[in-house]
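The structure appears right after this line, and notes come after that.
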Amino acid sequence: NLHLKFTSSTGSAAALQESDTVFTQYREVGVFLWRGFTLDDVMNQCFSTHKDNTKGRQMPIHYSAREHNIQCVSSTLATQVPNAVGYAYSNKLKNKKSVTVAYFGEGAASEGDVHAAMNMAAVLCCPTLFICRNNGYAISTSTKDQYFGDGIAARGAGYGIRTVRVDGNDLFAVYQAVTAARELALSESCPVLLELMTYRVGHHSTSDDSTAYRYGDWGVTS
């Protein structure tokens with residue numbers, strides 16, 4: 001489970017530049033580590049030690065790394081997505097040659113914030129990368145119970161956003177796709193939607209027993 005998440009997060013992070021501002025959800029620790037956030041930083045935040053840069057005011061795994069150009073993680077699903085678009089629009093007005101990246105899951109994509117953000121990015125021509133990691137489940141809700149259409153990528157056309165679907169378990173495919181998306185977003189000042197298809201092998205959290213809702217799936221047999 002962790003390996004698959006690291007593939008999509010580190011593969012995409014490697015394709016970005018330090019000048020690119022990142023807005024993550026709470027599954028992108030790989031992005032933080034790639035940019036220089038250390039394992040000590042991770043533990044200090046999770047245990048709210050005196051070295052925690054959020055000074056114990058955040059929930060565990062809600063990291064913040066201003067020095068690495070990553071905005072603070074928020075618990076509320078999808079709030080980071082319109083924030084990322086606003087940040088991208090600000091950079092565009094300042095003629096900054098960088099992209100802004102918003103990470104979110106397919107479950108968060110059902111939030112209205114994501115729809116508003118994509119429409120705003122398209123209308124205002126904001127160089128934003130929408131990176132959606134589709135792992136098949138929003139906690140206990142499978143994708144077949146979340147939407148009837150063909151995933152998240154199919155929504156891009158409705159907003160006039162260039163879109164690509166990628167094997168999120170293939171690090172090199174993710175890297176190549178994000179590299180191309182970044183170049184396109186900068187050269188044409190436009191948003192790009194990437195759907196990274198992966199699978200959540202383990203449980204959602206330590207309090208979750210996924211055998212109750214997906215018994216017999218790959219890796220979930222007991």
Can you pull out the residues in segment 98-118 that are modelled with pLDDT under 95 and touching a helix residue (DSSP H, G or I) at 6+ places or on another chain (Cβ under 7 Å)?
Glu106, Ala108
The listed residue being touching a Phe, Trp or Tyr at 6+ places or on another chain (Cβ under 9 Å), farther than 19 Å from Ile152 by Cβ, without any contact (Cβ under 8 Å) to a residue 24 or more places away in the chain and among the hydrophobic types (A, V, I, L, M, F, W, C), out of Val29, Val42, Val73
Val42
Would you check which residues across segment 81-116 are surrounded by 17 or more Cβ atoms within 10 Å (Cβ to Cβ) and among the basic types (Lys, Arg) and list them?
Lys92
Condition check: free of Cβ contacts under 8 Å to residues at least 24 places away in the same chain, small (Gly, Ala, Ser) and within 21 Å of Cys132 (Cα to Cα). Does Ser64 satisfy that?
yes
Would you mind stating whether Ser140 is in contact (Cβ under 8 Å) with a residue 12 or more places away in the chain and open to solvent by 50 Å² or more (accessible area, probe 1.4 Å)?
yes
Could you run through segment 27-51 and say how many residues are closer than 29 Å to Lys96 by Cβ, touching a helix residue (DSSP H, G or I) at 6+ places or on another chain (Cβ under 6 Å) and open to solvent by 20 Å² or more (accessible area, probe 1.4 Å)?
4
Candidates Thr54, Thr24 - the one that is open to solvent by less than 20 Å² (accessible area, probe 1.4 Å), of a type in the set (S, T, N, Q) and modelled with pLDDT under 95
Thr54
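The values are calculated or read from the model by the stated rules, or taken from the named source; none is laboratory data. Predicted, not measured: the structure shown is a model, and the values here were computed from it. All Cβ positions, glycine included, derive from the backbone under ideal geometry; neighbour counts span all protein chains shown. Just the protein is used for accessible areas: all its heavy atoms, side chains included, with ligands, DNA and RNA removed. Shrake-Rupley method; radii C 1.70, N 1.55, O 1.52, S 1.80 Å.
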